[in-house]
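The values are calculated or read from the model by the stated rules, or taken from the named source; none is laboratory data. Predicted, not measured: the structure shown is a model, and the values here were computed from it. Cβ atoms come from the backbone with ideal geometry, glycine included; neighbour counts cover every protein chain shown.
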Amino acid sequence: MIGIFDSGLGGLGIFKKIKAMLPDEDIYYYGDTANIPYGEKSPDELKGLITAGLKYLEKKGVNIIVIACNTASVLDTTYFRRQVKIPVVAVVPVIKTASNQSRNNKIALLSTKATAISPYTDYLIEEFAPEAEVKKIACSGWVEAIEKGKVSDHRLNSCLKKVDEEDVVVLGCTHYTLIKGDIQRLLGPNKILLDSNEAVARQVLRVMNKEKLYQHIKKPRYIFDASGHKKKFQKMVDRYLEEIA
Ligand code: DGL
């Protein structure tokens with residue numbers, strides 16, 4: 001069984017890709033909605049919450065965990081890997097792909113505040129896009145609005161207006177991939193929008209191959225669990241799974 005972890009609904013895009021690539025595996029999705037948003041919390045607080053979430057999934061019997069939350073993975077994936085005994089795959093912003101695709105070497109990175117100020121994000125930029133100018137834009141309030149399913153153009157524009165000459169825009173928070181269509185509509189067709197969902201699913205496939213984790217379930221189960229209000233969570237899960245590609 002594959003475990004997927006996020007602060008809330010953000011990992012649903014990754015869930016969908018994994019389900020399509022590995023259609024005969026059980027998936028246990030866990031959102032730490034009692035503690036959302038992660039993006040405004042301190043590193044110490046986040047470490048405790050994320051470790052608890054990963055251990056919770058491990059206890060549920062998953063044999064691999066996907067950290068579907070950039071805020072968590074840029075914090076300290078090495079640390080989180082040491083907290084559980086099973087393989088961990090983590091999402092990070094696709095800076096390298098962005099650098100390959102930008103024609104003018106100007107990239108915008110949309111993320112939570114914690115991801116924007118993380119030293120690991122700076123490392124990714126220096127390592128994988130040393131020639132590019134990367135504008136980091138922290139989009140406060142987006143995660144909460146997406147969780148509620150109430151995202152106004154006005155809220156999105158307050159951040160998107162900062163995207164200027166950048167021709168490639170990286171979605172560095174998994175929640176934003178749930179409203180990719182709205183972001184593209186507001187930015188216009190000339191901006192290239194990139195997210196990590198597909199790349200993460202491919203990495204899960206690679207690790208499962210290597211570690212021989214396949215279970216080949218005839219009738220796979222998809223469980224959605226949350227630390228907060230479970231019924232509300234399920235309602236929003238159903239809604240976004242219908243909406244997103
Ligand atoms: N989906 C998480 C991410 O990718 C959102 C973090 C939050 O809860 O603020 O960063």
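Considering (1) crowded, with 23+ Cβ neighbours inside 10 Å; (2) in a loop (DSSP other than H, G, I, E, B); (3) more than 11 Å from the ligand (Cβ to nearest atom), the lone condition that P93 does not fulfil carries the number (3).
Here the range 37-61 is the region considered, the condition is being surrounded by fewer than 24 Cβ atoms within 10 Å (Cβ to Cβ) and not in a helix (DSSP H, G or I), and the residue that is farthest from the ligand (Cβ to nearest atom) is G61.
Scanning the range 107-149 for residues that are closer than 22 Å to A68 by Cβ and part of a loop (DSSP other than H, G, I, E, B) turns up T112, S118, C139, S140, G141, G149.
Within the range 70-98, the set of residues being among the β-branched types (V, I, T) and more than 23 Å from T177 (Cβ to Cβ) comprises T78, V84, I86.
Restricting attention to the range 97-118 and to residues that are on the phi < 0 side of the Ramachandran plot and more than 18 Å from the chain's Cα centre (by Cα), the residue that is surrounded by the most Cβ atoms within 10 Å (Cβ to Cβ) turns out to be I107.
If you go through the range 1-27 and keep only what is part of a loop (DSSP other than H, G, I, E, B) and in contact with a Gly (Cβ under 8 Å, 6 or more places away or on another chain), you end up with M1, S7, G8. Restricting the range 219-245 to residues that are farther than 19 Å from F5 by Cα and at pLDDT below 95 leaves a set whose member that is surrounded by the fewest Cβ atoms within 10 Å (Cβ to Cβ) is A245. Please indicate, with yes or no, whether at least one residue in the range 152-163 is in contact (Cβ under 8 Å) with a residue 24 or more places away in the chain and among the small types (G, A, S). Scanning the range 152-163, I find no residue that is in contact (Cβ under 8 Å) with a residue 24 or more places away in the chain and among the small types (G, A, S), so the answer is no. State all residues of the range 154-167 that are part of a helix (DSSP H, G or I) and surrounded by 15 or more Cβ atoms within 10 Å (Cβ to Cβ); if no residue qualifies, say none. Correct list: R155, L156, C159, L160.
T33 fulfils the conditions (1) within 12 Å of the ligand (Cβ to nearest atom); (2) within 18 Å of R202 (Cβ to Cβ); (3) of a type in the set (S, T, Y) except for a single criterion, (2). If you go through the range 62-90 and keep only what is part of a loop (DSSP other than H, G, I, E, B), aliphatic (A, V, I, L, M) and either more than 12 Å from the ligand (Cβ to nearest atom) or over 20 Å from M208 (Cα atoms) (or both), you end up with V62, V84, I86.
When the residues of the range 119-153 are narrowed to those that are surrounded by fewer than 17 Cβ atoms within 10 Å (Cβ to Cβ) and among the basic types (K, R), which ends up farthest from R103 (Cα to Cα)? Residue satisfying both the conditions and the ranking: K148. Quick check: is even one residue across the range 185-192 within 16 Å of the ligand (Cβ to nearest atom) and either in contact (Cβ under 8 Å) with a residue 40 or more places away in the chain or under 17 Å from K135 (Cβ atoms) (or both)? No, the range 185-192 has no match at all. Among the residues of the range 217-245, the one identified as acidic (D, E) and assigned to a strand (DSSP E or B) is D225. Residue by residue through the range 208-218, note down the ones that are of a type outside the set (S, T, N, Q) and surrounded by fewer than 16 Cβ atoms within 10 Å (Cβ to Cβ). Result: K210, E211, K212, Y214, H216, I217, K218.
Take the residues in the range 168-195 that are assigned to a loop (DSSP other than H, G, I, E, B) and in contact with a helix residue (DSSP H, G or I) (Cβ under 8 Å, 6 or more places away or on another chain); name whichever of them is surrounded by the fewest Cβ atoms within 10 Å (Cβ to Cβ).
Checked the range 168-195; the qualifying residue surrounded by the fewest Cβ atoms within 10 Å (Cβ to Cβ) is K191.
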